[in-house]
Amino acid sequence: TPLEPLDTDVLLGRGSAHSVHRGNVSLQHYISLNLEKYQDGTRQERQLLIHKMLHELRKHGLRFLKLEGNNWYEVDTRTQYSKVRHAFRYQTNLARTGNRPIVPRTMAAPMQQPETDYSLDKALVRD
């Protein structure tokens with residue numbers, strides 16, 4: 001069934017329209033809050049971290065959507081895992097080279113205190 005993207009959804013695809021979407025900004029911020037834990041972890045610890053993060057994202061109603069034709073569809077768990085893993089690798093490479101990700105300041109406002117071990121509430125971009 002086709003879906004209508006919400007502000008909290010992570011939109012898969014290329015281009016600035018996706019990268020500045022609120023859900024995508026929240027995901028990138030969430031990744032940056034857990035980057036050190038990811039970098040210091042073993043392969044198994046990294047996998048577990050990603051699975052726990054996906055569980056928290058879903059618990060907070062975030063969906064990973066992909067545009068097919070003119071309709072948005074939620075992607076499967078494997079694709080979601082791949083998206084988060086890629087985001088970690090991307091930010092790891094940025095940190096290694098000394099570059100910073102481009103995140104619109106207006107969308108990366110400070111969040112309230114985290115309720116989880118993974119600081120998801122801190123990462124969620126709210127009005």
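The values are calculated or read from the model by the stated rules, or taken from the named source; none is laboratory data. Here the structure is a predicted model, which means the values were calculated and not measured. Please note: Cβ atoms are built from the backbone with ideal geometry, for glycine as well, and neighbour counts cover all protein chains shown.
List of remarks:
- Options Gly41, Gly69, Gly61; residue that is closer than 18 Å to His86 by Cβ, out of contact with any Asp or Glu (no Cβ under 7 Å at 6 or more places or on another chain) and small (Gly, Ala, Ser): Gly41
- Lys37 vs. criteria touching a residue at least 60 places away in the same chain (Cβ under 8 Å) and under 24 Å from Arg96 (Cβ atoms): no
- Among the residues listed as Arg14, Arg78, the single one being of a type in the set (Lys, Arg) and modelled with pLDDT of 90 or more: Arg78
- Selection from region 1-33 of residues that are more than 18 Å from Thr77 (Cα to Cα), without any contact (Cβ under 8 Å) to a residue 24 or more places away in the chain and among the polar types (S, T, N, Q): Ser16
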